[in-house]
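The values are calculated or read from the model by the stated rules, or taken from the named source; none is laboratory data. Predicted, not measured: the structure shown is a model, and the values here were computed from it. All Cβ positions, even for glycine, are placed from backbone atoms using ideal geometry, and neighbour counts span all protein chains on display. Surface accessibility is based on the protein's heavy atoms, side chains included, excluding ligands, DNA and RNA. Shrake-Rupley method; radii C 1.70, N 1.55, O 1.52, S 1.80 Å.
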There are 2 protein chains.
Amino acid sequence: MFLNPRYRGMNSLGMFCVRTFAVVGCRTATRARSLCTSPGITVAQIDEEVAKLLELKAKIGGDEVKHQFVLKTAKGTRDYNPKQMAIREKVFNTIISCFKRHGAETIDTPVFELKETLTGKYGEDSKLIYDLKDQGGELLSLRYDLTVPFARYLAMNKITNIKRYHIAKVYRRDNPAMTRGRYREFYQCDFDIAGQYDAMIPDAECLKIVCEILSELDLGDFRIKVNDRRILDGMFAVCGVPDDKFRTICSTVDKLDKMPWEEVKKEMVNEKGLSEEAADQIGEYVSMQGGMDLAERLLQDPKMSQSKQACAGLSDIKLLFSYVQLFQVTDKVVFDLSLARGLDYYTGIIYEAVLTQAGVAPVCTEAQNGAPAEESVSVGSVAGGGRYDGLVGMFDPKGRKVPCVGVSIGIERVFSIMEQKAEASAEKVRTTEVQVMVASAQKNLMEEKLKLVSELWNAGIKAEVMYKKNPKLLSQLQHCEESGIPLVAILGEQELKDGVVKLRVVATRDEVDISRADLIAEIRRRTSEA
Amino acid sequence: MFLNPRYRGMNSLGMFCVRTFAVVGCRTATRARSLCTSPGITVAQIDEEVAKLLELKAKIGGDEVKHQFVLKTAKGTRDYNPKQMAIREKVFNTIISCFKRHGAETIDTPVFELKETLTGKYGEDSKLIYDLKDQGGELLSLRYDLTVPFARYLAMNKITNIKRYHIAKVYRRDNPAMTRGRYREFYQCDFDIAGQYDAMIPDAECLKIVCEILSELDLGDFRIKVNDRRILDGMFAVCGVPDDKFRTICSTVDKLDKMPWEEVKKEMVNEKGLSEEAADQIGEYVSMQGGMDLAERLLQDPKMSQSKQACAGLSDIKLLFSYVQLFQVTDKVVFDLSLARGLDYYTGIIYEAVLTQAGVAPVCTEAQNGAPAEESVSVGSVAGGGRYDGLVGMFDPKGRKVPCVGVSIGIERVFSIMEQKAEASAEKVRTTEVQVMVASAQKNLMEEKLKLVSELWNAGIKAEVMYKKNPKLLSQLQHCEESGIPLVAILGEQELKDGVVKLRVVATRDEVDISRADLIAEIRRRTSEA
């Protein structure tokens, strides 16, 4: 607020407004607000004032009612409970297995980056980046995706070839309508191939990976839409879109999966000032879907073929389809000219996987503590990616490029679907893997139980004992039923005398005495059967 | 800066100082600084000014030399490369297996919490918390540990019983000397048992878990020091430490593992104003180490036995040792009166595991991009924890308590040790799990190779192919040797005609023709042998 006025975009009225407020304190909030709406005030100034008022409010609240603080997670974030974690673990295992099957290594990067590392990489979305408070030292921001940190990592370590996956949380100060419901902290699950290779081979592998993962997760039928940044740009050029409007028209085209063409056209013409003729020409192209044949047809299209870049893109689409055929996933891949992914850094092929069965798309729910749950859109996008050959070069001091192509699995949506499936299913989700509960029907056997459970742990058996000295047998058995523990090892005076343990199968209630010496082998035998 | 002056601890001079600076801009930085050193300026104000100057500096720099930005990770953070990740995965697997063996569930919480959730939980260390920039909305901070978010989770969800582990990164704006080297972003690996149970049973299980993990990680010999907050407090009371000096004297005692008693005493007397007599009495106690016998002796100690809380702590130590004996880890556990862990929230038993073999303690190294690596202290602390019965109650609106005990594995130090071991060992760390490379000696076989690799993927075999149409066989074989891929499936015109694949064992260079129909079974057989 009091720094170089040029930088902060401050004017004299803004200064006055803030100062007045400062002198008279918080009671003039209303007045300060009315002053701030005067002409000449910037949005940034207003934001800043609002932020200060809110902080003030929080503090005043804190002083007055010290212990009445709100028990919640930050807006747009959520905890994962053990059940959700069990589902998450299963999903991650499926995905990681696939990445490993394709020979990927993994890396990790810090949750925050230097602010300038993220600057200029996300276009309009940059406003959604979380900044850390300047507490002295470097200016930092939370990562917005895993792609930019990956590019920074490659440039920093001068790596020109790598196939890596990275699963981690990213942060976006998104403020969507509740019905669209998105998290501000969410997982990304990325697989990328960096290196100068023959065209479309790594790109085709990315599509193959998406097919494998979506099939294995058993989410229902899906399609992968494919397009190319160069085809989009070429199309805009031959349709008469001025160069400086490519990006903004592209982001309007991107809305075609959410709104009908008529509305998209309206936005192009009325809001973005495109001529009606250009919009109509675009409208013809973006309704086209097909396979290799469509790419061939467009290469012959009198208008499209005028654009060199469109032709380069179309040739690559043809090549891609030939590899997709070898991978036997042609039926899953569609060349769709309406696909226009938002991010600035894509340079070639782009793709997005959508679930085609309406039934499995997550419905709109309000998650715990008011945070919005995953969204319901008519067609659920569950993976996306593309080629970004210029991003690493933005970080390299000499601008050396490292071509990259990658895919990101929309894991949050997958979680939602899996959670709903689990809810709907009769089968209980186990949150632990305990194989046997050490129990007793009699009192004063805590020491014996601890000795036994310790033996089991030492043998690598997953075992539990209740932390009460004299729990009721019934409550011990109930715990087993609730948490799905299959076996109970019951100790009693008689069993101790006989050197045996009563092994009970929770499901059947069968009980059998097993000698202490054979117990571990018996438990292993029975739990490996299951 | 312009909010309620009471809150910000502002005075008129401070205001004047800041305003002057604002009006004349950054050229008066020197003048502003000289003004700020005038009497009556608070540290907070100075910090704020410094922060603004630094931000200004960063911005000016940014404008002048736009493309010369520093390619680095944020101070105190690091990337993990694939080799480090492979080691990390191994360590995590060992630890998670142990937690699961003991029947733990897992949860996850957001990386940031409401600022007020963390307020007042960490004593002096609160200054190390990372705050997020106020961009409107809630005031947020990065989590400082996993314990406070766990307590918040329990209170918020009204959970009174849970055994959970949580492995995630935490954040501390630590600024240690390079030689001590700590990360600002690092993993914590926590196991906690919440619930009202019979005394010392969950506490003993925590110690058992530490023993299992440290043994399985094979880090060399170790000891777990045990003490009790109540014994410390009782000891301070009977030695004549004034009530209001318990915490500060406790944090001085905590330094005993890093400095000799004489220096610790000097700090108590000279810096903290303790009487020499009191310090000497403390000195006698904190030199004591032992087992159950020491606890018994101290229960008879004429002075110590005057403190009710000390006696409660000593009785619990005795009980703990009886369970530790049942778990057969008595030789690893030492009752040590000098152990005084810093965190405010502990209420009962506390413990810390240290490696006793000097050889394995990590040496001081400078990690990549100037970030300090893990520290070398004479004795390496690798795990710690204790009982915190009051923390959940701080979050519950009605103050309902949920007793908790837990342990945190010092995973970063474990990583360092494992990395050093890997460096020292002849064995190569594999960063992928690829079982077979699909290769060819001849040109123009890309399509056939892609078909084969796709078959292998579909069969669940981890396989790779080079992304070049016509790579040299030698470079394909070299890649296998470098990344430890055991098998190569070689395709050639002749093999295709004969319906076979030449399977080569990289280590022995043996080659054998396998029919296409048997290939998958043969690869499985050979890779399961290894």
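For segment A:106-130, accessible area lost to neighbouring protein chains reaches 40 Å² or more, against the chain alone with a 1.4 Å probe, at A:Thr106, A:Asp108, A:Pro110, A:Val111, A:Phe112, A:Leu114, A:Glu116, A:Tyr130.
With a/c under 1.5 counting as rounded, go ahead and sort segment B:183-226 into rounded, prolate or oblate using the C-alpha gyration tensor (a ≥ b ≥ c being the square roots of the eigenvalues; past the cut-off, prolate if a/b is larger than b/c, else oblate). All intermediate terms of the calculation are to be shown ahead of the outcome.
Values: a/c = 2.51, a/b = 1.33, b/c = 1.89.
Because a/c hits 1.5 or more and a/b fails to exceed b/c, segment B:183-226 counts as oblate.
For A:Phe222, the amide hydrogen comes within under 5 Å of the amide hydrogens of A:Thr356, counting only partners 5 or more places away or on other chains and with H modelled in the peptide plane. DSSP bridge analysis restricted to segment B:383-493 gives an antiparallel fraction near 40%, rounded to the nearest 5. Position B:Thr527: other-copy label points at 2.8 nm, ordered by increasing distance, label point 7 Å along Cα→C-beta.
Label-point spacing for B:Lys158 across the identical copies (point 7 Å from Cα in the Cβ direction), in nm and ascending order: 6.2.
Calculate the dipole size of segment A:157-313 relative to its Cα centre from +1 charges on Lys and Arg beta carbons and -1 charges on Asp and Glu beta carbons; express the result in debye to the nearest 20.
Numbers: 24 positive and 28 negative charges, 145 e Å.
Roughly 700 debye, rounded to the nearest 20.
How shielded is A:197-205 by partner chains, expressed as the average number of their Cβ atoms within 10 Å of its Cβ atoms?
On the way: counts 4, 7, 2, 1, 8, 1, 1, 3, 7.
Average per residue, whole number: 4.
Exceedance of the 22 Å cut-off in Cα-Cα distance is limited, within the set A:Lys401/B:Lys443; A:Lys421/B:Lys90; A:Lys469/B:Lys163; A:Lys100/B:Lys421; A:Lys303/A:Lys332; A:Lys469/B:Lys308, to A:Lys401/B:Lys443; A:Lys421/B:Lys90; A:Lys100/B:Lys421; A:Lys303/A:Lys332; A:Lys469/B:Lys308.
Per-residue mean of other chain beta-carbon atoms within 10 angstrom of the beta-carbon, peptide A:76-85?
Numbers: counts 3, 6, 3, 10, 7, 9, 8, 2, 3, 7.
Mean partner-chain Cβ count within 10 Å for A:76-85: 6.
Per-residue 3J(HN,Hα) values for segment A:211-221, derived from phi via the Karplus relation 6.51 cos²θ - 1.76 cosθ + 1.60 with θ = phi - 60°, read 4, 4, 5, 5, 5, 5, 6, 6, 9, x, 5 Hz in sequence order (x marks Gly and Pro). Would you mind getting me the FRET efficiency between B:Glu481 and B:Lys158? Use the beta-carbon distance for r and R0 = 41 Å, nearest 0.05. Calculated transfer efficiency: 0.10.
Which shape class, rounded, prolate or oblate, goes with segment A:211-328 when its Cα gyration tensor gives a ≥ b ≥ c as root eigenvalues, a/c under 1.5 marks rounded, and past that a/b bigger than b/c marks prolate? Numbers along the way, then the final one.
Numbers: a/c = 2.55, a/b = 1.41, b/c = 1.81.
Note, shape of segment A:211-328 comes out oblate.
In this structure A:Cys211 has an accessible area near 10 Å², from a 1.4 Å probe over the protein heavy atoms. At an R0 of 45 angstrom, the distance between the Cβ atoms of B:Leu496 and A:Ser251 translates into a FRET efficiency of 0.40. Of all chain A residues, the one whose Cβ lies closest to the rotation axis that maps A onto B, given with that distance rounded to whole Å, is A:Lys133, 2. Computed from point charges on the beta carbon alone (+1 for Lys and Arg, -1 for Asp and Glu), the dipole magnitude for segment B:222-339 about its Cα centre is near 340 Debye. Working from label points 7 Å from Cα in the Cα-to-Cβ sense, the B:Leu299 to B:Arg525 distance is 6.6 nm.
Could you tell me which residue out of B:Ser425, B:Ser454, B:Phe395 lies farthest along the dipole of segment B:387-530 toward its positive end? Charges go on the beta carbon: Lys and Arg +1, Asp and Glu -1, centred on the Cα centre. The one lying farthest along the dipole's positive direction is B:Phe395. Between the residues A:Leu140, A:Leu114, A:His102, the greatest Cα displacement towards the positive end of the dipole of segment A:99-142, with unit charges on the Cβ of Lys, Arg, Asp and Glu, is found for A:His102. Amide H contacts of B:Asp389: B:Thr347, B:Gly348, B:Cys404, each under 5 Å away and 5 or more positions distant or on a separate chain (H built 1.01 Å from N in the peptide plane; Pro and chain starts excluded).
Compute the FRET efficiency between A:Thr330 and B:Asp221 as 1/(1 + (r/R0)^6), taking r as their Cβ-Cβ distance and R0 = 60 Å, and round to the nearest 0.05. Spell out each step's value before the answer.
Numbers: r = 61 Å, r/R0 = 1.01.
That gives a FRET efficiency of 0.50.
A label point on A:Gln196, set 7 Å along the Cα-to-Cβ line, lies at 7.1 nm from each of its counterparts in the other copies, closest listed first. Restricting segment A:407-490 to trypsin sites (Lys or Arg not before Pro) that sit in a DSSP loop and have at most 15 other Cβ atoms within 10 Å of their own Cβ leaves A:Lys428, A:Arg430, A:Lys443, A:Lys468, A:Lys469, A:Lys472. Here the dipole of segment A:461-516 is about 200 debye; that uses its Cα centre as origin and unit charges on the Cβ of Lys and Arg (positive) and Asp and Glu (negative). Take the accessible area of A alone and of B alone, subtract that of the pair with a 1.4 Å probe, and the total buried over both chains is about 10800 Å². Using θ = phi - 60° in the Karplus curve 6.51 cos²θ - 1.76 cosθ + 1.60, the 3J(HN,Hα) couplings for segment A:132-139 round to 7, 5, 6, 9, x, x, 6, 8 Hz; x is entered for Gly and Pro. Seen from B:Gly123, the other residues with C-beta closer than 13 Å to its C-beta sum to a net charge of -1, counting Lys and Arg as +1 and Asp and Glu as -1.
Averaged over peptide A:446-455, the number of partner chain Cβ atoms lying within 10 Å of each residue's Cβ comes to 4.
Oblate is the label for segment B:66-120, because the ratio a/c of its alpha-carbon gyration tensor axes (a ≥ b ≥ c) is 1.5 or higher and a/b is not greater than b/c.
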